[in-house]
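Asks: If you scroll down you'll find the structure; I have some questions about it.
The values are calculated or read from the model by the stated rules, or taken from the named source; none is laboratory data. Quantities reported herein were computed from a predicted structural model and do not represent experimental measurements. Neighbour counts run over all protein chains shown; Cβ positions are idealised from the backbone, glycine included.
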Amino acid sequence: MSDASDPAITSDWGDWLPRTIEAAEPDGLAVWYLGCNGFVLKGADGTSLWIDPYVGLGDPPRTVRMIPVPFDPHDVYDADAVLATHEHTDHTHGPSQAPILANSGAEFYAADDSLAVTDEERWTDDWDVTADQLHEVEEGDSLSVDGFDIDVVTVSDADATHPVGYVIRYGDATVFHGGDTKPHDGFADLGAEYDIDLAVVAFGSVGRVPDKETRAPQRTRWYCDENQAVEVAEALRADRMLPSHWDMWKGLTADPTALHEHVRSFEYPGRLDIVEIGDRLDL
């Protein structure tokens, strides 16, 4: 949610995470959590999608990063596409994403307001990114990236100007990534249409964050609370739910293990996957 222009990015972990992802040969679909709301999905055919990768530091003292910077985007050479869910800095960010596009030749897919950020940040001027790598999507669109079939879906994030979500299918595995969505009436229809194996749901506490202009602390809810997170996964009829974003911003972090008590009486999600930055799970 910050808007600071970050200096040169230095990884706390060296290059082991991008090299690990590059070398991986999953049997089906592998998913790595990058912290915040970032993920890498890699299929058995070697195709990899990067969703909302962000390695910026935020806008201290308004937004303060609470987790390591797990990679330098200049170290990412193996990417086929980068997907952005909305225009906020921790989802569309030139210093985090443009070097990936430049080094890998990956395609970038995002809604109009996210593409406007690429213009404002001069991606094609300040990095070796070409205009034909940048693609606008909107709700109802479908696209394919090698073995991945991706549908662009409607989500509900009142803090964003044009958020979108993605239903991503690879073989028998289906993943929902809704960005920073809250519950939405249309999710029941998605749950009926798709057999969703894993739903990524942004989760966090309500906290006090300094206002962008006045810097006066404001009561802030950017992500689902426990009950809303379960409501999203239940409507989607997701077999598994993975809470994200809970680790990122000082004052808005949360304990994802609390979700165990919230999901236990519901049919969906059948399983709660709690991962930390850098972790891999397989579908």
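Asks: Among the residues of segment 45-54, are any of a type in the set (A, V, I, L, M) and surrounded by fewer than 15 Cβ atoms within 10 Å (Cβ to Cβ)?
Replies: The answer is no, given that none of the residues of segment 45-54 is of a type in the set (A, V, I, L, M) and surrounded by fewer than 15 Cβ atoms within 10 Å (Cβ to Cβ).
Asks: Same structure again: Sort out which residues of segment 168-187 are in contact with a strand residue (DSSP E or B) (Cβ under 7 Å, 6 or more places away or on another chain), over 17 Å from D282 (Cα atoms) and of a type outside the set (D, E, K, R), and write them in order of number.
Replies: Of everything in segment 168-187, those that are in contact with a strand residue (DSSP E or B) (Cβ under 7 Å, 6 or more places away or on another chain), over 17 Å from D282 (Cα atoms) and of a type outside the set (D, E, K, R) turn out to be G178, G179, T181.
Asks: Name the single residue, out of those in segment 189-218 being among the β-branched types (V, I, T) and closer than 15 Å to A233 by Cβ, that is surrounded by the fewest Cβ atoms within 10 Å (Cβ to Cβ).
Replies: Only one residue fits best here, namely I196.
Asks: Take segment 137-167 and flag every residue that is out of contact with any strand residue (DSSP E or B) (no Cβ under 7 Å at 6 or more places or on another chain) and closer than 17 Å to T92 by Cβ.
Replies: Passing the criteria: D157, D159, A160, T161, H162, P163.
Asks: State all residues of segment 153-193 that are in a loop (DSSP other than H, G, I, E, B) and closer than 21 Å to V40 by Cα; if no residue qualifies, say none.
Replies: Scanning segment 153-193 gives V155, P163, V164, G171, D172, G178, G179, D180, T181.
Asks: Between a first residue in segment 251-266 that is among the aliphatic types (A, V, I, L, M) and a second residue that is at pLDDT 95 or above and assigned to a helix (DSSP H, G or I), which pairs have beta carbons less than 8 Å apart while being 6 or more apart in sequence or on different chains?
Replies: Sorted first by the residue in segment 251-266, then by its partner, the pairs are A258/E226; L259/E226; L259/A229; L259/V230; V263/V230; V263/A233.
Asks: Restricting segment 269-283 to residues that are in a loop (DSSP other than H, G, I, E, B), out of contact with any Gly (no Cβ under 7 Å at 6 or more places or on another chain) and not acidic (D, E), which is surrounded by the most Cβ atoms within 10 Å (Cβ to Cβ)?
Replies: Only one residue fits best here, namely P269.
Asks: Just to check your reading of the model, which residue among V164, V137 is of a type in the set (V, I, T) and either buried (at least 23 other Cβ atoms within 10 Å of the Cβ) or touching an Asp or Glu at 6+ places or on another chain (Cβ under 7 Å) (or both)?
Replies: Selected residue: V164, the only one of V164, V137 that is of a type in the set (V, I, T) and either buried (at least 23 other Cβ atoms within 10 Å of the Cβ) or touching an Asp or Glu at 6+ places or on another chain (Cβ under 7 Å) (or both).
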